[in-house]
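Visitor: Just dropping this structure here.
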Ligand SMILES: [Zn+2]
């Protein structure tokens, strides 16, 4: 449903939030749990899409897997905008621009990228 008046809708949502927060002490914890659950579900969906393992070394331990910007352009997106998994699930981001990497492979990829930018000293070699 398109918004007739974006500012009015925003004000309504905000007043609903503050009313519920004042009325119900469990509102905020429930809301946070819902958000956490939604993000977790989206993350699982993303992990499933990419085969549930690191694209480089194949490790499948979800605790160490990250969603990686394939083209080293994550810095262009800015910080704190939204969660990658929600952008992918909603269609705002393209699946082919990302991959799953484990923390180690992601760190090594970042190091190699920084080397190409002349921004690392050769202490690790
Ligand atoms: Zn890996």
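Visitor: So how far apart, in nm, are the two label points at residue 45 and residue 57 if each is 7 Å from Cα heading toward Cβ?
Guide: 3.0 nm
Visitor: Quick one, can you get me the convex hull of the C-alpha atoms of the chain expressed as volume per residue in Å³?
Guide: 173 Å³
Visitor: For the residues 47, 27, what sequence is obtained by ranking on other C-beta atoms within 10 Å, fewest first?
Guide: Sorted ascending by nearby Cβ count, the order is 27, 47.
Visitor: So how much slack lies between residue 83 and residue 103, counting 0.36 nm per residue of separation and subtracting their Cα-Cα distance, in nm?
Guide: 5.4 nm
Visitor: Report the relative contact order of the stretch 4-124, percent, no decimals, based on alpha-carbon pairs under 8 angstrom and at least 6 residues apart.
Guide: 26 percent
Visitor: If R0 is 41 Å, what FRET efficiency do you get for residue 64 and residue 13 from their C-beta distance, rounded to 0.05?
Guide: Working from the Cβ atoms, E equals 0.65.
Visitor: Gaussian network model of the chain, Cα springs within a sub-10 Å range: biggest mean-square fluctuation belongs to which of 18, 83, 56?
Guide: 18
Visitor: In the stretch 1-52, how does Rg compare with the Kirkwood Rh, expressed as the Rg/Rh ratio over alpha carbon atoms?
Guide: Rg/Rh: 1.18.
Coordinate-derived values only; no laboratory data. Small disclaimer: the values here were computed from a predicted structure and weren't measured. Ideal geometry is used to build each Cβ from the backbone, glycine not excepted, and the neighbour counts take in all protein chains shown.
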